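Inspection log for the structure reproduced underneath, given as structure tokens.
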Amino acid sequence: MKKILKCLPILFLFQSLVVCGQSTKLNGVYAGVEIMPSAMGGMSRNDVVILFRPNGTYNDDLRKQGWQTRVSGRYTVSGRTVSLRTPGDNRAITYTLDKDGNMNGGSFNLVRQPTDSSVPKGSYEFSSAGGSGGGAGSTAVGSFSNKGFYFDGQGNFSNNSQTSVIVSGSNVGGGNSHKSSGGGTYKISNGVLTLTFANGTTETHSFFCRPGYTPIMAVIDGDIYFVKNRRR
């Protein structure tokens with residue numbers, strides 16, 4: 001009994017060090033969809049995607065080249081509170097860690113996306129809408145985007161996208177739209193998705209996914225895609 005009691009302080013010290021290490025460092029991508037009122041009426045989405053590094057830096061823009069090393073600012077963790085600060089801004093953005101290791105942003109959650117070297121089979125779809133203006137006597141501009149990827153799980157893919165801009169007002173109206181599609185082969189390594197099209201051109205995208213969860217969601221270039229189960 002005396003030997004057990006002597007070991008207890010060491011055990012408690014070890015546990016506290018482990019907890020401390022986990023509570024002050026984050027590593028990986030966290031992603032969530034924030035729903036907000038739209039200037040065009042209705043609701044719009046804001047995809048919040050943050051790459052945290054153990055050295056205390058983070059990147060909240062995975063669309064830009066060099067996203068692996070790009071630094072948006074620094075973060076600190078105190079207890080369950082994660083605080084993000086950007087250079088020149090004294091205000092901190094805060095999130096709360098939950099028991100599952102995800103984060104709560106108040107009106108939305110950030111879910112950790114592990115770096116995995118696989119792309120689950122399925123149709124990945126992303127859609128968004130936004131706008132500006134629309135007041136009395138003013139011109140309103142709305143933008144709409146739909147993007148999709150299909151991965152067959154065997155190294156082949158197809159993709160399609162459509163973007164539209166609509167302009168409306170008392171003395172003006174119109175807009176434009178653009179569609180594109182293609183296909184080829186893909187490979188994934190350490191969060192980098194490489195697409196090789198049938199004409200030989202290649203593209204690289206950041207890619208993070210939770211293959212073991214339902215529904216499957218994936219972060220591609222900072223946009224959050226959801227998988228629709230569809231047989232082909």
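Numerical summary
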| quantity | calculated |
| --- | --- |
| Answer residue from segment 13-68, given it is charged (D, E, K, R) and open to solvent by 90 Å² or more (accessible area, probe 1.4 Å) and is modelled with the lowest pLDDT among those | LYS64 |
| Any hit, segment 91-102, residues being closer than 30 Å to LYS187 by Cα and touching a residue at least 40 places away in the same chain (Cβ under 8 Å) | yes |
| Members of segment 69-87 found to be open to solvent by 90 Å² or more (accessible area, probe 1.4 Å) and in a loop (DSSP other than H, G, I, E, B), listed by number | THR69, ARG80, PRO87 |
| Conditions (1) within 21 Å of ASP60 (Cα to Cα); (2) of a type in the set (A, V, I, L, M, F, W, C); (3) modelled with pLDDT of 80 or more; number of the one not met by ALA198 | (1) |
| Count - residues of segment 145-167 that are open to solvent by 30 Å² or more (accessible area, probe 1.4 Å), under 21 Å from VAL219 (Cβ atoms) and either at pLDDT below 75 or not polar (S, T, N, Q) (or both) | 3 |
| Some residue of segment 95-102 being small (Gly, Ala, Ser) and within 20 Å of PHE208 (Cα to Cα) | yes |
| Of all residues making up segment 92-118, the number that are outside any strand (DSSP E or B), within 21 Å of MET36 (Cα to Cα) and over 15 Å from the mean Cα position of the chain (by Cα) | 3 |
| Residue in segment 121-133 that is within 24 Å of TYR30 (Cβ to Cβ), among the polar types (S, T, N, Q) and either surrounded by fewer than 16 Cβ atoms within 10 Å (Cβ to Cβ) or modelled with pLDDT of 95 or more (or both) present | yes |
| Whichever residue in segment 204-226 is at pLDDT below 90 and β-branched (Val, Ile, Thr) and, among such residues, is surrounded by the fewest Cβ atoms within 10 Å (Cβ to Cβ) | THR214 |
| Checklist (1) among the basic types (Lys, Arg); (2) over 25 Å from SER128 (Cβ atoms); (3) out of contact with any strand residue (DSSP E or B) (no Cβ under 6 Å at 6 or more places or on another chain) applied to ARG63, failing item | (2) |
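The values are calculated or read from the model by the stated rules, or taken from the named source; none is laboratory data. Treat the numbers as computed from the prediction; the structure is a model and nothing was measured. Glycine also receives a Cβ, built like all others from the backbone with ideal geometry; neighbour counts cover every protein chain displayed. Note: areas computed on protein heavy atoms with side chains; ligands, DNA, RNA excluded. Shrake-Rupley method; radii C 1.70, N 1.55, O 1.52, S 1.80 Å.
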